[in-house]
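The values are calculated or read from the model by the stated rules, or taken from the named source; none is laboratory data. All of these numbers come straight from a predicted model, not from anything done at the bench. Please note: Cβ atoms are built from the backbone with ideal geometry, for glycine as well, and neighbour counts cover all protein chains shown.
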Amino acid sequence: MLIEKSQIDQHNSDNQASHQKRFDFIKLEIPQVEAVIQKLIDFQIAIPSWALGTGGTRFGRFSGGGEPRNLEEKIADIGLLHKLNQSSGAISLHIPWDIPQDYDAIKNLTASHGLRFDAMNSNTFQDQKGQELSYKFGSLQHVNKAVRQQAIAHNIEVIQQGLALGSDSLTVWLADGSCFPGQLNFRKAFQNTLESLQEIYAALPKDWKMFVEYKAFEPNFYSMTVGDWGQSLLFANKLGPQAYTLVDLGHHLPNANIEQIVSLLLMEGKLGGFHFNDSKYGDDDLTAGSLKPYQLFLIFNELVEGMDAKNMNHAKDLGWMIDASHNVKDPLEDLLQSVEAIMIAYTQALLVDRTALQQAQEENDTVKCQELLQNVFRTDVRAIVAEARLRSGAALDPVAAYRKLAVRQELIKERGAVTVATGL
Ligand code: AOS
Ligand code: ZN
Ligand code: ZN
Ligand code: ZN
């Protein structure tokens, strides 16, 4: 299924009058609204190939219909999202789940949807069919050098795949760790992992970045070898200037101050990118902003402040990606909601009066500091985000348009009611 421009235009003209009223109102309050809109138009969030199907838990998975059955259909799904919001202009692949048959065909298809390839993801947390050695006790950390070599070779292979497609970064997320005290020598596990990462780093093209993602728990529950931003930063620093830390919002211990982590990683020039999602308990991988929108705003507040302090390009200098799983929602609707929540938080962060905040901080005026942040957070900026969409040719209300156009029903017609997409 393809969404035609005329269908988007029809949706927009149906909704134009009520949008215009709301936009005219908010625009009066915000003198810099035009600059903000341009930043929103430029800002793109990559969609992971594994988030297009129904997720699940170890207790079960309740598949929806019309899920993408192959890489081509995953690209088509992201094409639909991008048509609706013009903010999801990139796809992040997971190897070996997404190995292309024909590279040129995949590149052309992706370009035809206006998409580019974001970070490539390697997978050494599962054993694949026909794989010689098992990752049951880790991959890059493994006590057996042959297992480490196998995992290194896989990562290098993923770089090659990415090169063939035109990606420029590799995300390494390791399930490595231990389940019980005494199982691992922490120092040896770290050293093995470092040496393995160094071999992968050596194979990285000069204009590529390597993202080292950390996670506090799961699937190992006693120790994770890249368990927090300290460990990730140690690796990134030892590896060199092309290595960065990747922050996945769901990978922290409860109540971690993620915005502070972000601020300091940016200060060190070592923040590489993001996996957005939300959670209440752990790595819940729920819709971004669905539980803690204020936290999402505070994170963006640090991102904007820290990136501006370094003259960084918001749209280009960090990797922005969603990492989510959908157990009960239509994955495409859920992704539209996540992108919207991210855009809202970003808009609000752009509206913070930095000069006033700095002054209030210097004067230790805690009340004023809080007022400045919360006034912005409590401002309804949705019409600004919608205006940015309108100007970039997307739908004023992507979820409403998705439903009106009966996208899921069309996909079920095309692909069938019983489909299982690869992914988590
Ligand atoms: C795992 O918890 C991490 O969030 C990974 O970034 C990602 O979800 C995984 O690579 C997908 O398979
Ligand atoms: Zn992640
Ligand atoms: Zn996550
Ligand atoms: Zn995760």
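Listed by first and then second residue, the pairs with beta-carbon distance under 9 Å, at least 6 apart or on different chains, first residue in region 208-225 and within 27 Å of GLY162 (Cβ to Cβ) and in a loop (DSSP other than H, G, I, E, B), second within 13 Å of ligand 4 (Cβ to nearest atom) and among the aromatic types (Phe, Trp, Tyr), are TYR214/TRP173; LYS215/TRP173; PRO219/PHE125. In the set (1) surrounded by fewer than 19 Cβ atoms within 10 Å (Cβ to Cβ); (2) farther than 21 Å from MET224 by Cβ; (3) within 16 Å of ligand 3 (Cβ to nearest atom), the condition left unmet by GLU268 is number (3). For region 279-335, a tally of residues being surrounded by fewer than 22 Cβ atoms within 10 Å (Cβ to Cβ) and of a type in the set (S, T, N, Q) returns 6.
Given the conditions (1) more than 13 Å from ligand 2 (Cβ to nearest atom); (2) outside any helix (DSSP H, G or I); (3) among the aromatic types (Phe, Trp, Tyr); (4) touching a strand residue (DSSP E or B) at 6+ places or on another chain (Cβ under 6 Å), report the number of the one that PHE235 does not fulfil. Among (1) more than 13 Å from ligand 2 (Cβ to nearest atom); (2) outside any helix (DSSP H, G or I); (3) among the aromatic types (Phe, Trp, Tyr); (4) touching a strand residue (DSSP E or B) at 6+ places or on another chain (Cβ under 6 Å), the lone unmet condition for PHE235 is (2). Note on region 113-172: among residues that are within 16 Å of ligand 1 (Cβ to nearest atom), among the hydroxyl-bearing types (Ser, Thr, Tyr) and assigned to a loop (DSSP other than H, G, I, E, B), the one that is nearest to SER196 (Cα to Cα) is SER139. Name the residue that is nearest to ligand 2 (Cβ to nearest atom), counting only residues in region 160-175 that are free of Cβ contacts under 8 Å to residues at least 60 places away in the same chain and surrounded by fewer than 21 Cβ atoms within 10 Å (Cβ to Cβ). Applying the filter and picking the extreme gives ALA175. When the test is whether a residue is farther than 15 Å from SER139 by Cβ and either at pLDDT below 95 or out of contact with any Gly (no Cβ under 9 Å at 6 or more places or on another chain) (or both), GLY227 does not pass it. Scanning region 249-301 for residues that are in contact with a strand residue (DSSP E or B) (Cβ under 8 Å, 6 or more places away or on another chain), part of a loop (DSSP other than H, G, I, E, B) and within 16 Å of ligand 2 (Cβ to nearest atom) yields LEU249, GLY250, HIS251, ASN277, SER279, ASP283, ASP284, THR287, ALA288.
Could you grab me the full set of residues in region 127-164 that are small (Gly, Ala, Ser) and closer than 28 Å to ASN185 by Cβ?
As a first pass, look at region 127-164 and keep what is small (Gly, Ala, Ser): 130, 134, 138-139, 146, 151, 153, 162, 164.
Selection gives SER134, GLY138, SER139, ALA146, ALA151, ALA153.
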